[in-house]
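Scroll down for the structure; my scribbles are underneath it.
The values are calculated or read from the model by the stated rules, or taken from the named source; none is laboratory data. Remember, predicted model here, so these are calculated numbers, not experimental data. For neighbour counting, all protein chains shown are included, and Cβ atoms are generated from backbone atoms with ideal geometry for every residue, glycine included. The area values use the complete protein model at the heavy-atom level, side chains included, leaving out ligands, DNA and RNA. Shrake-Rupley method; radii C 1.70, N 1.55, O 1.52, S 1.80 Å.
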Amino acid sequence: MPAEPATATPIGLLAGYQPLSAVHDEMVDGNGRLHEQWAHVGRVLDGLGRHQLSQRRAEAARLLANDGVDYQRAAGEPGTARRWELDPVPLLLGSAQWAEVERGVIQRAELLNLVLADIYGPRRLLSGGLLPPELVFGHPGFHRQADQSRIPGSQQLFACAADLARDSSGAWWVLSDRTQTPSGFGYALENRLVVSRVFPSMHRDAQVHRLAPFFRTLRSALQAAAPPTAGEPRIVVLTPGPWSETAFEHAFLASYLGYSLVEGADLTVRDGRVWLRSLGQLEPVDVILRRVDSSYCDPLELRSDSLLGVPGLVEACRIGSVSVVNTLGSGVLENPGLLALLPRLCERVLGQPLHLPSVPTWWCGEPDGRRQVLARLDQLLVKPIGRELGAETKLGWELSAAERDELRRRIEARPHCWVGQERLDLATVPALTDAGLAPRHAVTRAFLVARHDSYVAMPGGLGSVATTAGGQFIAKRDATAYKDLWVLASEPEDLGGFWLRGGRQVASAEAMSSRAAENMFWLGRYAERAETVGRLLRVVSDRRNDFPDGVNPAGTACLRSLLGALAQLTGTHPGFAPDDADISAALLDLLTDSSRTGSLAFAVRRMRDAAYPVRDQLSGDTWVVLGALERELLDPADPARGAALASGTLSRVLTSLLALSGLAAESMVHDQGWRFMNAGRRLERALQICALLRSTVAVAHDTATDSLLLESLLTSAESIITYRRRYRSHAQLSTVLDLLLLDPDNPRSVGHQIDRLSEDVAAVARRDGAGRLTEPERLVLEISTALRLTDLTPLAEANPDGGRPGIAAFLDRLTGLLERAGDALDTAHFTHLLPQQPMPTLADAGTATHLRLV
């Protein structure tokens, strides 16, 4: 490889950068001088210095947290997600370097596409002996059910990725191919967005190729992949669900591309077509960008125990009524045994040598390869040809003699299942550490998508570096940070392929799955529940501060009533007593213990759980707020924080909840998703107001106690200022009830919630041909009528025993109607599917004459 031009020797921060001996470094040459492509970026980094770079790294982490970027989140478990570790110092490739890589990965994609089309088509490579049958048919990624299934066009491999690395001499090698559901597109784009914000002028002045044109190509390719009869195709992104390790990317891609994010249960196959279970009807689906492994995509023909797929999807693909990309069965190309065969396949199929070599690999199914591997077990990485085979990658140099003997026996028993690979000494890149810039080994993932009869490579990619000195990414054992790959343009970029187009206007019909609507509904309900509990906790805290010694009878009685209301709203039994020695700890638990049903943290946790499956429906600013709430309440708590921070925590949480409410009101389009979220919020607020009134005013107290209690009640309901301005002389229970129950202009009254709920319910109603009211509409109308016809004055009167049975009965009736309205909304719009069950075999069925698939 010819020597790369270099600039002058760096000074300052970069002068302390010490590349490894006899190892190619991306930033400096053997004499310590900057490579040409690093001239501008190196000067900027040098000028910033270590302190400024540390601040930029912290800013990158903050931006990632605000965007809700995470990895490998465990279902329902707060604080379990891995942070996305981004090193903001980019990887750089000059134009000439990128041209070499681009040519190699495009050739590789074209070759793999032809191999894939042949495996599930004429199988000439198999019959001609170029592909050993046991290598293909013995791989878990091969699915006979996908045989002869095709998508329109010549490119049957829709998208792929290649993991690349330079060795110590600077030569490029391909470590592996990703063809199943190549992940990283979205993370690469997110990295670019964050790094360009952290280093705005450096990014602008470096003339970096933009990523947006690649994603426009991806969008065009998805439309081109639709069946010929599709017209304006409906495209969806199929995800395993919000707890998939790359769920962020699935939602991010769906949102960025403008497609619906769906799970398997949102789709159904009827009459040979795939349909989306949207609200009230079935919407045809033409293209599925799948992020679910092939074997899980159809429990009828593939894995019968899968709960992630769509029964009948394989048959729909055979018919050609839907295009699934990547095509089912494309994971067979991830077989590392193919790496040993690609050079001769390239010569035979494309008639040219392989431009980018694969890491030296020997397949044990061939006698020569098996001899090589067995003779060098102590020097090679030995891995199964498929991850599903239950064996792990073995690092031969770390195995004991007994372990190598055991591995040898396993290889000899099933040789076609194993490969051996050379261990590469990788080149290094500059990584930002606490001590400044230091060389670290790096791997890069390049992405490609089909266009016409070839492929387009993303002019960038997802870099990853070992965070420890000497880390080599072997078998995923080393801690990893990620980098943005910058491809520097040698001339102004051609701004072609714009999104904006002339011609006929085409608007896609709005469609939302029942699952998404239900999550939006509960997002609204839990957000309102969290706000109600937070406000009441703040009022209780204030009253405890007002009457700390318990000597004021009215204050003590008011506090006792408020604690009872708090116990009622949060489901805390048997409740609290003002003189309870552990009341401070109990109140702190109600604030911060997410495992305690009814607590504020529990409501925020459930709100987050409802938001994750529909993050494609929510704006980026919404995730800033949700991220702040999660960090405040759901991250592992510092034991040193103690109760002293409780008031500050409560204030910050309420601020975030108010911000979330404001975003929902002013920044979201009032579409179906918003209607369900708003309906959930209005229904929950009405229920909470009724519960708060029921637990505080159903029993009369002395004048002093009732005065404090009504003041506390109005404060908790955010109506104290309005009440004082309207009723300046004195307070009365009937006027308080009028403001909180009937006043249509008070955004905190039950009447106001019912008016708004009526609008939302009507907007999503599915009426019959006669135009009759739906059950949710009828119940909301009944609640509205009950409120309008009620005279509150007699209801506020107390009987001789001090009870107020009139208001208690009225509130109980309202609560019952509201709960029925919520149930009616659920029944009318939300589809609760029974879990899929594997179809029993005849042997399982015994003498039974009927087989059922639930």
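Summary of values
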quantity: Qualifying positions in region 273-308 - in a strand (DSSP E or B) and surrounded by fewer than 22 Cβ atoms within 10 Å (Cβ to Cβ); calculated: ARG273, TRP275, LEU276, ARG277, SER278, GLN281, LEU282, GLU283, PRO284
quantity: Selection from region 339-358 of residues that are open to solvent by 10 Å² or more (accessible area, probe 1.4 Å) and either assigned to a loop (DSSP other than H, G, I, E, B) or over 17 Å from THR393 (Cβ atoms) (or both); calculated: PRO343, ARG344, GLU347, ARG348, VAL349, LEU350, GLY351, GLN352, PRO353, LEU354, HIS355, PRO357
quantity: Enumeration of residues in region 144-166 that are out of contact with any helix residue (DSSP H, G or I) (no Cβ under 6 Å at 6 or more places or on another chain) and open to solvent by less than 20 Å² (accessible area, probe 1.4 Å); calculated: ALA146, ILE151, PHE158, ALA159, ALA161, ASP163, LEU164, ALA165, ARG166
quantity: Residues of region 718-747 satisfying the condition of being part of a loop (DSSP other than H, G, I, E, B), open to solvent by 40 Å² or more (accessible area, probe 1.4 Å) and modelled with pLDDT of 90 or more; calculated: GLU718, PRO744, ASP745, PRO747
quantity: Among (1) modelled with pLDDT of 90 or more; (2) assigned to a loop (DSSP other than H, G, I, E, B); (3) surrounded by 13 or more Cβ atoms within 10 Å (Cβ to Cβ) - the single one GLY822 does not satisfy; calculated: (2)
quantity: Members of region 27-56 that are open to solvent by less than 50 Å² (accessible area, probe 1.4 Å), within 25 Å of GLU85 (Cβ to Cβ) and not acidic (Asp, Glu); calculated: MET27, VAL28, GLN37, TRP38, VAL41, GLY42, VAL44, LEU45, LEU48, GLY49, LEU53, SER54
quantity: Residue count, region 409-459 (criterion: outside any loop (DSSP other than H, G, I, E, B), in contact (Cβ under 8 Å) with a residue 12 or more places away in the chain, surrounded by fewer than 21 Cβ atoms within 10 Å (Cβ to Cβ) and basic (Lys, Arg)); calculated: 2
quantity: Subset of region 19-66 [without any contact (Cβ under 8 Å) to a residue 12 or more places away in the chain, part of a helix (DSSP H, G or I) and either within 22 Å of HIS209 (Cα to Cα) or among the hydroxyl-bearing types (Ser, Thr, Tyr) (or both)]; calculated: ARG43
quantity: Checking GLN72 against (1) of a type in the set (S, T, N, Q); (2) open to solvent by 60 Å² or more (accessible area, probe 1.4 Å); (3) at pLDDT 95 or above, the condition it does not meet; calculated: (3)
quantity: Matching residues, region 119-143, being on the phi > 0 side of the Ramachandran plot and either buried (at least 16 other Cβ atoms within 10 Å of the Cβ) or charged (D, E, K, R) (or both); calculated: ARG123
quantity: Checklist (1) modelled with pLDDT of 95 or more; (2) farther than 23 Å from GLN156 by Cβ; (3) touching a helix residue (DSSP H, G or I) at 6+ places or on another chain (Cβ under 8 Å) applied to VAL269, failing item; calculated: (2)
quantity: Selection count where residues are within 24 Å of GLN52 (Cα to Cα) and either part of a loop (DSSP other than H, G, I, E, B) or at pLDDT 95 or above (or both), scope region 464-479; calculated: 3
quantity: Residue within region 249-260 that is over 12 Å from the mean Cα position of the chain (by Cα), within 20 Å of THR327 (Cα to Cα) and at pLDDT 95 or above present; calculated: no
quantity: Selection status of SER321, polar (S, T, N, Q), in a loop (DSSP other than H, G, I, E, B) and open to solvent by 50 Å² or more (accessible area, probe 1.4 Å); calculated: no
quantity: Wholly enclosed helices (runs of 4 or more DSSP H) of region 79-185 bearing at least 2 residues among the hydrophobic types (A, V, I, L, M, F, W, C) and under 30 Å from SER201 (Cα atoms); calculated: 95-119
quantity: Which listed residue is open to solvent by less than 10 Å² (accessible area, probe 1.4 Å), at pLDDT 90 or above and over 35 Å from the mean Cα position of the chain (by Cα), from THR705, THR715; calculated: THR705
quantity: Test result for ALA251, of a type in the set (A, V, I, L, M, F, W, C), open to solvent by 20 Å² or more (accessible area, probe 1.4 Å), touching a residue at least 40 places away in the same chain (Cβ under 8 Å) and part of a helix (DSSP H, G or I); calculated: no
quantity: Qualifying positions in region 546-555 - surrounded by fewer than 17 Cβ atoms within 10 Å (Cβ to Cβ), more than 13 Å from ILE583 (Cα to Cα) and at pLDDT below 90; calculated: ASP546, ASP549, GLY550, VAL551, ASN552
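For every residue, the table says whether it meets (1) of a type outside the set (S, T, N, Q); (2) in contact with a strand residue (DSSP E or B) (Cβ under 6 Å, 6 or more places away or on another chain); (3) within 21 Å of SER599 (Cα to Cα).
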{"residue": "PHE521", "(1), (2), (3)": "yes, no, yes"}
{"residue": "GLY524", "(1), (2), (3)": "yes, no, yes"}
{"residue": "GLU528", "(1), (2), (3)": "yes, no, yes"}
{"residue": "GLU531", "(1), (2), (3)": "yes, no, yes"}
{"residue": "LEU537", "(1), (2), (3)": "yes, no, yes"}
{"residue": "SER541", "(1), (2), (3)": "no, no, yes"}
{"residue": "PHE547", "(1), (2), (3)": "yes, no, no"}
{"residue": "ALA554", "(1), (2), (3)": "yes, no, no"}
{"residue": "LEU559", "(1), (2), (3)": "yes, no, yes"}
